[in-house]
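Colleague: Before we start, here is the structure in question, set down as structure tokens.
FYI, it's all coordinate maths here, none of it is from the lab. Because the structure is a prediction, the values reported are computed rather than measured. Virtual Cβ from ideal backbone geometry, glycine too; neighbours counted across all protein chains shown.
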Amino acid sequence: VKFEAKPREVMAKIIKTEGVCLASQRIGETSKLVTVFTKDHGKLMLLAKGARLPKSRLGGALEIFTHCEIIFYASEKKVIYTLSSADIKEIFPSLKSISKFITAYQVIEAALRVTKLEDPNFKFYNLLLTTLRILDHLKETYWEKLQVLLGGYYLKAIDILGFRPELYRCVLCGSQNLNYFSISAGGAICSRSKHLQLKNKDLWPSSHLKILRFLLKNPLITIINSSLPDDTYNLIKQYFLYYLEAIPQEKIDYFLYLKDIK
Ligand SMILES: [Zn+2]
């Protein structure tokens, strides 16, 4: 006697959205597991069954850096959803060139690390897409040019994620006499409050403040016409990494979700 499994009461919804492909890995013999940062649902992990088969329509749209339109089945209590279709909306062909790949990859990697699954963030989605578009159009690809774009992206990401540094008054006492910047304090510091800031290595000259204000106030398309000194870039990168630690990283048991995939 064969027992038929009772149909589980799972509400599967068909959802259409668009997003940027952040990562793509091979699963089984013919499938792909892709991570897409979507416009409406935040970061999603999607299983593209058969995407690596020669005739699959899914494949091309699921390359990293691709802006695609997707349809997937969302069911409750799942971490990985099944992709139904994916179509290319926009490609950024120059991002795979030697001169731009590393920068584009850093943009994508940061997006993977700072965002949580199914946590929609339209502002971040826009920032990600805008950064990739600008990078794709960029004619000069010397490091200074890439550095100002990357620095602007990191700082704006920090802002959007809720860790905007205080740049106009002392974070410890409110004074507007600003002498330093401190990563761990989260912004500007005056000379009177300096002794409260225990980590002396984390006191950066106030000359950075003006540049940080400029980067936060202006759109990326304006920013790329300016330049960003190496030490300010380092400050932004360190600030970014410091606050990244405050964002919990997901631990996903892939095996649990992917065990039956061919
Ligand atoms: Zn102070």
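Colleague: Could you please give the count of residues in segment 88-110 that are touching a strand residue (DSSP E or B) at 6+ places or on another chain (Cβ under 6 Å) and closer than 19 Å to Gln147 by Cβ?
Modeller: Within segment 88-110, residues that are touching a strand residue (DSSP E or B) at 6+ places or on another chain (Cβ under 6 Å) and closer than 19 Å to Gln147 by Cβ number 1.
Colleague: Surrounded by 15 or more Cβ atoms within 10 Å (Cβ to Cβ) and within 12 Å of the ligand (Cβ to nearest atom) - does that describe any residue in segment 147-155?
Modeller: Within segment 147-155, none of the residues are surrounded by 15 or more Cβ atoms within 10 Å (Cβ to Cβ) and within 12 Å of the ligand (Cβ to nearest atom).
Colleague: Going through Gly162, Gly186, Gly174 one at a time, which residue ends up being surrounded by fewer than 16 Cβ atoms within 10 Å (Cβ to Cβ) and closer than 30 Å to Lys116 by Cα?
Modeller: Gly162
Colleague: Right, another one. Would you check which residues across segment 26-64 are touching a Pro at 6+ places or on another chain (Cβ under 9 Å) and in a loop (DSSP other than H, G, I, E, B) and list them?
Modeller: Answer for segment 26-64, where residues must be touching a Pro at 6+ places or on another chain (Cβ under 9 Å) and in a loop (DSSP other than H, G, I, E, B): Lys39, Asp40, His41.
Colleague: In segment 156-181, which residues are in a helix (DSSP H, G or I) and within 16 Å of the ligand (Cβ to nearest atom)?
Modeller: none
Colleague: Can you name the residue in segment 182-195 that is over 25 Å from the mean Cα position of the chain (by Cα) and under 21 Å from Tyr233 (Cα atoms) and, of all such residues, is farthest from the ligand (Cβ to nearest atom)?
Modeller: Residue satisfying both the conditions and the ranking: Ala188.
Colleague: Of these, Lys123, Lys116, which one is over 22 Å from Gly59 (Cα atoms) and either touching a residue at least 60 places away in the same chain (Cβ under 8 Å) or surrounded by 14 or more Cβ atoms within 10 Å (Cβ to Cβ) (or both)?
Modeller: Sole residue among the options that is over 22 Å from Gly59 (Cα atoms) and either touching a residue at least 60 places away in the same chain (Cβ under 8 Å) or surrounded by 14 or more Cβ atoms within 10 Å (Cβ to Cβ) (or both): Lys116.
Colleague: I'd like the residue in segment 97-117 that is of a type in the set (Lys, Arg) and closer than 16 Å to Thr131 by Cβ and, out of all such residues, is nearest to the chain's Cα centre (by Cα).
Modeller: Arg113
Colleague: Related question: Starting from segment 172-192, take each residue that is on the phi > 0 side of the Ramachandran plot and list its partners that are of a type in the set (D, E, K, R), counting only C-beta distances under 8 angstrom and pairs at least six apart or across chains.
Modeller: Going by the 8 Å Cβ cut-off, the qualifying pairs are Gly186/Glu166; Gly187/Glu166.
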